[in-house]
Amino acid sequence: MGSLKTGIQHAIEGATWDSHGMVAIVDAPVRAYLETHRTGLPVTAETLCTTSLAVGAGLLAISFVTCTFGVRLTWVGWGACSVAVVWDATTGPARGIACAVTGRAWGIASIFALRGVGTRRG
């Protein structure tokens, strides 16, 4: 157990959590995708990205608090779209890793968003 804890600690300490590190694996492809596909829309890619982040954060919070089916379903759709955008905007051999990182981040957040799913209420 000690070596697992040490390994996790080294991985977390070695990662950079800014626009040039782990966050950029998801953030950069999303921004690139929105910039490429916003043609004809009267908003900037930055506005689209901020709106997407706000929607995701809102869905996470509302899903955690209310546990309603519609919000949870929308959360799942938002996450799936995020992974699809990262897949489309990432090229070469990094594509699979970028999607895996995105999916895992979404999965960790889903622990909170989908809490109680599958448990019986007595």
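General remarks:
- Segment 1-38, residues that are at pLDDT 90 or above and of a type in the set (S, T, N, Q): 36
- Of the candidates 58, 96, 92, the single residue that is modelled with pLDDT of 90 or more, on the phi > 0 side of the Ramachandran plot and either over 15 Å from the mean Cα position of the chain (by Cα) or not aliphatic (A, V, I, L, M) (or both) is 92.
- Matching residues, segment 61-75, being in contact (Cβ under 8 Å) with a residue 24 or more places away in the chain and within 19 Å of the chain's Cα centre (by Cα): 63, 64, 72, 75
- Here residue 49 passes the criteria (1) without any contact (Cβ under 8 Å) to a residue 12 or more places away in the chain; (2) closer than 21 Å to residue 25 by Cα except the one numbered (1).
- Checking segment 83-91 against the condition returns a match, with at least one residue being touching a Gly at 6+ places or on another chain (Cβ under 6 Å) and in a helix (DSSP H, G or I).
- Qualifying residues in segment 88-116 (those that are surrounded by 11 or more Cβ atoms within 10 Å (Cβ to Cβ) and among the polar types (S, T, N, Q)) - the one farthest from residue 30 (Cα to Cα): 110
- Segment 75-87, residues that are farther than 22 Å from residue 97 by Cβ and surrounded by fewer than 18 Cβ atoms within 10 Å (Cβ to Cβ): 76, 77
The values are calculated or read from the model by the stated rules, or taken from the named source; none is laboratory data. Owing to the predicted nature of the structure, the values given are computational and were not obtained by experimental measurement. Neighbour counts are summed over all protein chains in view; Cβ atoms, including those assigned to glycine, are modelled from backbone coordinates with ideal geometry.
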